[in-house]
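A quick write-up on the structure given underneath.
The values are calculated or read from the model by the stated rules, or taken from the named source; none is laboratory data. Source: prediction; values computed, not measured. Cβ: placed from backbone, ideal geometry, glycine included. Neighbour counts: every protein chain shown.
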Amino acid sequence: MHWGQTDDGTDFSLFTLENDVLKVQITNLGAALVTLEAPDRNGKRANVNLRHAAAETYIQNPSSFGATCGRYANRIGKGQFELDGKKYQLALNNGPNHLHGGVKGFNHYVWSAEPQADFITFRMVSPSGDEGYPGELSVAVTFTLKGNELILDYKATTDAPTVLNLTNHAYWNLGGVDSGTVYDHILQLACDKYLEADANVLVSGKISDVASTPFDFREPHTIGARINQIDIGGYDHCYAINDWDGSLRTIAKAVHPESGRVMEVATTEPGVQLYTANHFSGNAGSAGAPKHGAFCLECQHYPDSPNHADFPTTVLRPGAEYTQKTIHRFLVD
């Protein structure tokens, strides 16, 4: 259905996919997940994906609620990288760094939409030079609802060498979006290591063991138990997924004990960014949610990879196709 209009007069829509288990709403403004209703142990469905109340808020969407982030999800240090001997300067929109594709990242584009009965494909073309990136990039993201799974498939091609890192920025609260903080959520990650980061959340290049640190979620642990030990105000760190080989594997599990809702995440990506909504304050921009009122598990390549030769590459060249699959699976305990 028609949902709103951008400042330049471009219409955008809201689409619904529903089956016996889940109901999702997605907009082609930012190829963004707006709501996801999942059942608790008593079969009662509730929205567990934070959303803005008004369609117009998605035009700016400063926290990238549910959006597809690109061209480069997460941060690039000083907005600079070198590719094939040429240096590129990107927008600085996160302190001294580049974040989620810049001033007009993919979350600000109105994508074309191809809705079907149980899936929707969104497409866009990012022109050469867009936010400073080289190459014309053609991108497709497909949201599929299948049983208890929301499946995200990404594809992209380029006409010139470029760098690319895509993710979805959904904010989850399995107790329901109006249920307060996520301190009581029990989280487990298949990650023995995490990427150290500075005060601006830019990775240093050092990959460290989680053992004996507040970052250790190898065994199930509540999100709130050690969150106050993180000196940047909460979790905003990329974890290195164990034994990554590009295959689809389940890498995370979150449980809300009170409702019984469980979310498992499977991905083909080498990293997952755990973010605990540290900047939320209960205002409209936070959709009324408090600090730590949601958590994100953003499956992606490592932040700042173009500046770290030992990280898995994010370079995409003509003739090659970027692909990624991430699945959110909803269960009850």
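Residue-wise test of (1) touching a His at 6+ places or on another chain (Cβ under 9 Å); (2) part of a loop (DSSP other than H, G, I, E, B); (3) within 20 Å of M1 (Cα to Cα); (4) among the basic types (K, R).
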site	(1), (2), (3), (4)
L36	yes, no, yes, no
A53	no, yes, yes, no
I59	yes, no, yes, no
S63	yes, yes, no, no
G66	yes, yes, yes, no
G101	yes, yes, no, no
K104	no, yes, no, yes
E114	no, no, yes, no
task = Look through T314, T326 and report the one residue that is closer than 22 Å to K253 by Cα, within 18 Å of the chain's Cα centre (by Cα) and surrounded by 16 or more Cβ atoms within 10 Å (Cβ to Cβ).
result = T326
query = Among the residues of the range 110-119, is any of a type in the set (A, V, I, L, M, F, W, C) and either within 27 Å of V201 (Cβ to Cβ) or buried (at least 24 other Cβ atoms within 10 Å of the Cβ) (or both)?
reply = no
request  = Go through (1) assigned to a strand (DSSP E or B); (2) surrounded by 17 or more Cβ atoms within 10 Å (Cβ to Cβ) and name the single condition P134 misses.
outcome  = (1)
task = State the number of residues belonging to the range 11-70 that are hydrophobic (A, V, I, L, M, F, W, C), crowded, with 19+ Cβ neighbours inside 10 Å and out of contact with any Asp or Glu (no Cβ under 7 Å at 6 or more places or on another chain).
result = 15
ask   = Which members of the range 185-209 meet the condition of being under 18 Å from F330 (Cα atoms) and of a type outside the set (A, V, I, L, M)?
value = H185, Q188
request  = Quickly run through the range 87-98 and pick out the residues that are touching a residue at least 12 places away in the same chain (Cβ under 8 Å), assigned to a strand (DSSP E or B) and farther than 11 Å from D304 by Cβ.
outcome  = Y88, Q89, N94
Contacts under 7 angstrom Cβ, first residue in the range 202-213 being in a strand (DSSP E or B), partner among the hydrophobic types (A, V, I, L, M, F, W, C), 6 or more apart = V203/L195; V203/A197; V203/C238; S204/A197; I207/L195; I207/A240
ask   = Hey, A190 hits all of (1) within 19 Å of N47 (Cβ to Cβ); (2) surrounded by fewer than 21 Cβ atoms within 10 Å (Cβ to Cβ); (3) of a type in the set (A, V, I, L, M, F, W, C) but one; which does it fall short on?
value = (1)
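Condition first: within 30 Å of S128 (Cα to Cα) and over 19 Å from the mean Cα position of the chain (by Cα). Now tell me which residues in the range 147-206 satisfy that. Before the answer, list the steps.
Of all residues in the range 147-206, those within 30 Å of S128 (Cα to Cα) come to 151-170, 200-205.
Matches in the range 147-206: T157, T158, D159, A160, P161, T162, S204, G205.
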message = What's the total number of residues in the range 78-107 that are surrounded by 19 or more Cβ atoms within 10 Å (Cβ to Cβ), out of contact with any Pro (no Cβ under 8 Å at 6 or more places or on another chain) and at negative phi?
response = 7
request  = Among the numbered conditions (1) without any contact (Cβ under 8 Å) to a residue 40 or more places away in the chain; (2) touching a Cys at 6+ places or on another chain (Cβ under 8 Å); (3) not aliphatic (A, V, I, L, M), tell me where Q324 comes up short.
outcome  = (1)
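Evaluate the following for G79: is it over 17 Å from the mean Cα position of the chain (by Cα), without any contact (Cβ under 8 Å) to a residue 12 or more places away in the chain and farther than 21 Å from A289 by Cβ? Talk me through it step by step, then tell me what you get.
Numbers: over 17 Å from the mean Cα position of the chain (by Cα): yes; without any contact (Cβ under 8 Å) to a residue 12 or more places away in the chain: no; farther than 21 Å from A289 by Cβ: yes.
Answer is no for this residue.
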Qualifying position, being modelled with pLDDT of 95 or more and under 18 Å from Y275 (Cβ atoms), among N97, N47, N61, N28 = N97
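I'd like to verify a number: residues in the range 283-327 that are among the aliphatic types (A, V, I, L, M), in a strand (DSSP E or B) and in contact with a Gly (Cβ under 9 Å, 6 or more places away or on another chain), how many? Break it down into steps so the answer makes sense when it comes.
Applying the first criterion (among the aliphatic types (A, V, I, L, M)) to the range 283-327 yields 284, 287, 289, 294, 297, 309, 315-316, 320, 327.
Subsequent filtering for residues that are in a strand (DSSP E or B) retains 297, 315-316, 327.
With the extra rule that they be in contact with a Gly (Cβ under 9 Å, 6 or more places away or on another chain), the set shrinks to 316.
Total meeting the criteria: 1.
Give the residue, chosen from L17, L36, L22, that is in contact with a Leu (Cβ under 8 Å, 6 or more places away or on another chain) and closer than 22 Å to H100 by Cβ. Write out each step before concluding.
Working: L17 fails: closer than 22 Å to H100 by Cβ; L22 fails: closer than 22 Å to H100 by Cβ.
Result: L36 is the single residue among L17, L36, L22 that is in contact with a Leu (Cβ under 8 Å, 6 or more places away or on another chain) and closer than 22 Å to H100 by Cβ.
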query = Can you find even one residue in the range 235-243 that is closer than 25 Å to T57 by Cα, under 16 Å from the mean Cα position of the chain (by Cα), crowded, with 17+ Cβ neighbours inside 10 Å and not basic (K, R)?
reply = yes
message = Residue pairs, Cβ under 6 Å, 6 or more apart or interchain, first in the range 241-258 and farther than 30 Å from G180 by Cα, second acidic (D, E). List them.
response = N242/D192
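State the number of residues belonging to the range 137-155 that are surrounded by fewer than 22 Cβ atoms within 10 Å (Cβ to Cβ) and assigned to a strand (DSSP E or B).
To start, the set of residues in the range 137-155 that are surrounded by fewer than 22 Cβ atoms within 10 Å (Cβ to Cβ) comprises 138, 140, 142, 144, 146-149, 151, 153, 155.
Retained after the next criterion (residues that are assigned to a strand (DSSP E or B)): 138, 140, 142, 144, 146, 149, 151, 153, 155.
Here the count works out to 9.
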